[in-house]
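Data block below; observations after.
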């Protein structure tokens, strides 16, 4: 009986064929040539983006020499790529009175290795000055040392001209108000008098003497129900009458006023 069972076990084992398990690893089919093509396309795209941008792009070596400028900056300054390559950036493109400050910014970039935002003038080939807002960043080598400075600039020369025009117009406005035969003043939310014309000064005294409630009413504290300060609440012109101590009645006109620093006041 035992002999028969052993013969059956051997017969069954004879039908079991050994097998070998295999694990296949998928190889990376990307060739070095393919990788280079992808990298080249990325470089071409980045270069196209820099050259097509209306912003200024400039790279300056750790030695202060100009490495590259994009088309927008070259066109604005009147140079070609060959003109600027290898030139000393500070002495060639920065006015003398801006060089010390820009040198400090370069030092900050080198020491802190953090981006900076600043404004300075650049010189065109024919000597004109352009005001530029710069966003600077240090580019580092693998060992952590400075490789070059990279700056993205926005030409704000026109904004600067606009601000000059606004300052000029403001000056003309206050010159006109100064000559008018009626008292006029500009009062801020903190009760200070920022401007007063000569008629106001003749009637009430110099505005530097103190806040409006002291100068106009001889009071040591703000008026409880100031008609004029309603302008701050309504944002609209106010018109009312005021009787002075001497019995004279003045018609008062108050107008909301916002200066270039977005500070609110009113013209009285």
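Data overview
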{"quantity": "Scan of the range 204-218 for residues that are part of a loop (DSSP other than H, G, I, E, B) and in contact with a helix residue (DSSP H, G or I) (Cβ under 7 Å, 6 or more places away or on another chain), ordered by number", "calculated": "205"}
{"quantity": "Conditions (1) surrounded by 14 or more Cβ atoms within 10 Å (Cβ to Cβ); (2) in contact with a helix residue (DSSP H, G or I) (Cβ under 9 Å, 6 or more places away or on another chain); (3) assigned to a helix (DSSP H, G or I): number failed by residue 105", "calculated": "(2)"}
{"quantity": "Residues located in the range 61-80, provided they are without any contact (Cβ under 8 Å) to a residue 24 or more places away in the chain and under 25 Å from the mean Cα position of the chain (by Cα)", "calculated": "68, 69, 70, 71, 72, 74, 75"}
{"quantity": "In the range 160-201, residue surrounded by the fewest Cβ atoms within 10 Å (Cβ to Cβ) [restricted to those that are touching a residue at least 24 places away in the same chain (Cβ under 8 Å) and under 30 Å from residue 57 (Cβ atoms)]", "calculated": "163"}
{"quantity": "Which numbered condition residue 207 fails, given (1) surrounded by 14 or more Cβ atoms within 10 Å (Cβ to Cβ); (2) within 30 Å of residue 105 (Cα to Cα); (3) not assigned by TED's automatic domain parsing to the domain that holds residue 55", "calculated": "(2)"}
{"quantity": "Selected residue (criterion: farthest from residue 74 (Cα to Cα)) from residues of the range 108-148 that are surrounded by 12 or more Cβ atoms within 10 Å (Cβ to Cβ) and out of contact with any strand residue (DSSP E or B) (no Cβ under 8 Å at 6 or more places or on another chain)", "calculated": "128"}
{"quantity": "Residue, surrounded by the most Cβ atoms within 10 Å (Cβ to Cβ), within the range 65-79, restricted to residues that are part of a loop (DSSP other than H, G, I, E, B) and modelled with pLDDT of 95 or more", "calculated": "79"}
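Rundown of residues vs (1) exposed (fewer than 10 other Cβ atoms within 10 Å of the Cβ); (2) touching a strand residue (DSSP E or B) at 6+ places or on another chain (Cβ under 9 Å); (3) modelled with pLDDT under 65, yes/no style:
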| site | (1), (2), (3) |
| --- | --- |
| 22 | yes, no, yes |
| 25 | yes, no, yes |
| 41 | no, no, no |
| 46 | no, no, yes |
| 49 | no, no, no |
| 57 | no, yes, no |
| 60 | no, yes, no |
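Residue by residue, here is whether (1) assigned to a strand (DSSP E or B); (2) within 30 Å of residue 67 (Cα to Cα); (3) at pLDDT 90 or above holds:
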residue	(1), (2), (3)
137	yes, yes, no
144	no, yes, no
148	yes, yes, yes
151	yes, yes, yes
154	yes, yes, yes
161	no, no, no
164	no, no, no
169	no, no, no
172	no, no, no
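The values are calculated or read from the model by the stated rules, or taken from the named source; none is laboratory data. The model shown is predicted, which means the values in this text are computed figures rather than measured ones. Positions of Cβ are backbone-derived with ideal geometry, glycine not excepted, and every protein chain shown enters the neighbour counts.
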